[in-house]
Amino acid sequence: MSDTPKLNRRPEWTALADHAKGTLPHPDLRELFAQDPGRAERYVVRVGDLRIDYSKNLVTDETLALLQELAAATDVFGLRDAMFRGERINITEDRAVLHTALRAPRDAVIEVDGENVVPEVHAVLDRMAGFADRIRSGEWTGHTGRRIRNVVNIGIGGSDLGPAMAYEALRAFTDRSLTFRFVSNVDGADLHEATRDLDPAETLFVIASKTFTTIETITNATSARSWLLAGLGGDEKAVAKHFVALSTNAEKVSGFGIDTANMFEFWDWVGGRYSFDSAIGLSLMIAIGPDRFREMLDGFRIVDEHFRNTEAPANAPLLLGLLGVWYGDFLGAQSHAVLPYSHYLSKFTAYLQQLDMESNGKSVDRDGDPVEWQTGPVVWGTPGTNGQHAYYQLIHQGTKLIPADFIGFARPAAELSDELKAQHDLLMANFFAQTQALAFGKTPDEVRAEGVPEELVPHKTFQGNHPTTTVLAAELTPSVLGQLIALYEHKVFVQGAIWNIDSFDQWGVELGKVLAKRVEPALTEGADVPGLDPSTAALVAAYRELKEV
Ligand code: F6P
């Protein structure tokens, strides 16, 4: 056990707690802007193509200084440097955390156990590029000699959410003559719907699994294999032309029946939720082509370098991480909304849910002691403007503090007709209007001045003072997507470092997996499950009864 004081006993923490009490209920954004209109210009950081405006947050210069003192006291930058150096900072799994090596330039040297991993990273990227080009050009053909027109990625969690999200995000850059589907759910409906209109002779399955033991993925991959063989006359040789694997586990891949010549490798120092810029991105690379994929990696790298080399006040991931700590630990926020004003980012928040919640949903610190402070928030959100007509009511007039990130672009990504292009300004007018309304609200006097009857004034008042951060870029390109993801990866890192938790393990998903395996025979064979609690036993009995009807 380390003898450094626990986080909430550090003077920097208590100083923030006192500061929070002194500014209660919260610093008021109307007042803050009245006192200092210049904060609109000062409270902006730039990284790569991203302009991040944090002026509508409930912070003052003093708050920011105190938060930075906390970051210094908890040595966030020390842990950052250890991560970039390849130290085993994932302590419970005794692993290095080196997703940043996946986007390192060819000539970089990053060592794990004395071995430079960068050449292997580029060797795999080059193999992926060769394969992607062969699919895209039609040179790679299926078992019957027909070209591949459909790519079905089978994976779950980090082996699904990243490629599925990025495929949507970069749709405008994809080869539209190819069809892409992403299957993750062990519910057979997922695979059924993804394959029902496809021709097996033209379909490639990309089996994405770091461990190659994940039950959902292996089950779906097995069913996909049966579907393929049934459609192609049962010749086992077809598998080699229609299945590739993305994994760290060559033994399991060949055990499954996929030739390791058709396997694209990655390494145990890449966490599942940090893996989509590894071989796990193969489906995306087929969709957008190797050059665009590399542009995306360059985008990641811009933010990696910024995070690594920028001093605290202008360090964007540090700043976003600190704002989250301020809201969660000192102002009582339980959740964080991410609201992209881009249809193409429809899966972005779902992707961030795994990134953030699987990383920082922890309640013991790195010493194994229970934490006495809040850790990761509930992350949620969907693209604007849809959310405006659903749950924004609660953000505007509900009782909860919900800090939100608004992400928007100056230009639409796709080539749209003039009429559809013109809609972009309307989308973005909503984007700006929402953060304005959230920050400054509408006072009772302003409502009265509109002639609203007195009894309706409370209902039509907007208290305002809801914090938002605005991330603006010119356009959603592959590089900008890489920048956005790296921004959040490092934000999550910063928070884990401050909270002194291991952001890179995920033991919390294990128990459910073990219990599911134990319960399954009761559902399929009616077997007795010893030790089943009375509630679950009754549910299982009800299920069996209903199943027979
Ligand atoms: O849900 C737990 C988890 O291990 C994730 O961290 C991971 O992304 C996912 O399952 C899939 O794992 P694999 O890539 O090994 O199939």
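Within the group 66, 170, which residue is closer than 30 Å to residue 509 by Cβ and either of a type in the set (Phe, Trp, Tyr) or touching a residue at least 24 places away in the same chain (Cβ under 8 Å) (or both)? Only one candidate passes the filter, namely 170.
Between 486, 522, the distinction of being within 18 Å of the chain's Cα centre (by Cα) and crowded, with 17+ Cβ neighbours inside 10 Å belongs to 486 only.
Tell me, please, whether a residue that is assigned to a strand (DSSP E or B) and open to solvent by less than 60 Å² (accessible area, probe 1.4 Å) can be found in segment 383-399. For segment 383-399, residues assigned to a strand (DSSP E or B) and open to solvent by less than 60 Å² (accessible area, probe 1.4 Å): absent. Is segment 341-355 home to any residue that is surrounded by fewer than 20 Cβ atoms within 10 Å (Cβ to Cβ) and more than 16 Å from the ligand (Cβ to nearest atom)? The answer is yes, given that some residue of segment 341-355 is surrounded by fewer than 20 Cβ atoms within 10 Å (Cβ to Cβ) and more than 16 Å from the ligand (Cβ to nearest atom).
Looking only at segment 178-211, filter to residues that are open to solvent by less than 10 Å² (accessible area, probe 1.4 Å) and within 16 Å of the ligand (Cβ to nearest atom); which one of those is farthest from residue 147 (Cα to Cα)? Among residues in segment 178-211 that are open to solvent by less than 10 Å² (accessible area, probe 1.4 Å) and within 16 Å of the ligand (Cβ to nearest atom), the one farthest from residue 147 (Cα to Cα) is 209. When the residues of segment 20-37 are filtered to those that are more than 32 Å from the chain's Cα centre (by Cα) and surrounded by 13 or more Cβ atoms within 10 Å (Cβ to Cβ), the one that is modelled with the lowest pLDDT is 23.
Taking the listed residues 70, 58, the one that is surrounded by 17 or more Cβ atoms within 10 Å (Cβ to Cβ), touching a Lys or Arg at 6+ places or on another chain (Cβ under 8 Å) and either aliphatic (A, V, I, L, M) or outside any loop (DSSP other than H, G, I, E, B) (or both) is 70, with no other qualifying. Summed over segment 255-285, the residues that are open to solvent by less than 40 Å² (accessible area, probe 1.4 Å), within 13 Å of the ligand (Cβ to nearest atom) and charged (D, E, K, R) give a count of 1. Flag: residue 79 does not match the condition of being open to solvent by less than 10 Å² (accessible area, probe 1.4 Å) and assigned to a helix (DSSP H, G or I).
Checking segment 474-482 against the condition returns a match, with at least one residue being over 20 Å from the mean Cα position of the chain (by Cα) and more than 30 Å from residue 368 (Cα to Cα).
Contact map, segment 509-537: first residue more than 16 Å from the ligand (Cβ to nearest atom), second residue assigned to a helix (DSSP H, G or I) and among the aromatic types (Phe, Trp, Tyr), Cβ cut-off under 7 Å, separation 6 or more or different chains; pairs are 523/543. Restricted to segment 237-254, and to residues there that are in contact (Cβ under 8 Å) with a residue 12 or more places away in the chain and open to solvent by 10 Å² or more (accessible area, probe 1.4 Å), the residue that is nearest to residue 187 (Cα to Cα) is 252. Screening residue 165 with (1) more than 15 Å from the ligand (Cβ to nearest atom); (2) in contact with a Phe, Trp or Tyr (Cβ under 6 Å, 6 or more places away or on another chain) gives one miss only, at (1). In this structure, residue 371 qualifies as in contact with a Ser or Thr (Cβ under 6 Å, 6 or more places away or on another chain) and either surrounded by 11 or more Cβ atoms within 10 Å (Cβ to Cβ) or of a type in the set (S, T, N, Q) (or both).
Answer yes if at least one residue in segment 140-151 is aliphatic (A, V, I, L, M) and either within 28 Å of residue 316 (Cα to Cα) or not in a helix (DSSP H, G or I) (or both), and no otherwise. Yes, segment 140-151 has at least one match.
Being of a type in the set (A, V, I, L, M), surrounded by fewer than 19 Cβ atoms within 10 Å (Cβ to Cβ), on the phi < 0 side of the Ramachandran plot and more than 29 Å from the chain's Cα centre (by Cα) holds for only one residue in 15, 40, and it is 15. Across segment 145-159, which residue is farthest from the ligand (Cβ to nearest atom) among those that are within 30 Å of residue 358 (Cα to Cα) and out of contact with any strand residue (DSSP E or B) (no Cβ under 6 Å at 6 or more places or on another chain)? If we take residues in segment 145-159 being within 30 Å of residue 358 (Cα to Cα) and out of contact with any strand residue (DSSP E or B) (no Cβ under 6 Å at 6 or more places or on another chain), then 156 is farthest from the ligand (Cβ to nearest atom). Of the residues making up segment 160-171, those that are open to solvent by 10 Å² or more (accessible area, probe 1.4 Å) and in contact with a helix residue (DSSP H, G or I) (Cβ under 7 Å, 6 or more places away or on another chain) number 4.
A residue that is within 16 Å of the ligand (Cβ to nearest atom) and farther than 21 Å from residue 164 by Cα occurs somewhere in segment 228-249. Of the residues making up segment 212-227, those that are closer than 28 Å to residue 139 by Cβ and either open to solvent by 40 Å² or more (accessible area, probe 1.4 Å) or away from the ligand (no atom under 16 Å from the Cβ) (or both) number 3. Among the residues of segment 360-382, the ones that are within 24 Å of residue 343 (Cβ to Cβ) and in contact with a His (Cβ under 6 Å, 6 or more places away or on another chain) come to 1 in all. Within the option set 295, 305, 311, being more than 16 Å from the ligand (Cβ to nearest atom), over 18 Å from the mean Cα position of the chain (by Cα), more than 18 Å from residue 52 (Cα to Cα) and open to solvent by 10 Å² or more (accessible area, probe 1.4 Å) holds for one residue only, 295.
The values are calculated or read from the model by the stated rules, or taken from the named source; none is laboratory data. Keep in mind that this is a model prediction, so the values were computed, not measured. So basically every Cβ, Gly included, is an ideal-geometry build from the backbone, and we count neighbours across all protein chains shown. Side chains are part of the model used for accessible areas, which takes the heavy atoms of the whole protein and leaves out ligands, DNA and RNA. Shrake-Rupley method; radii C 1.70, N 1.55, O 1.52, S 1.80 Å.
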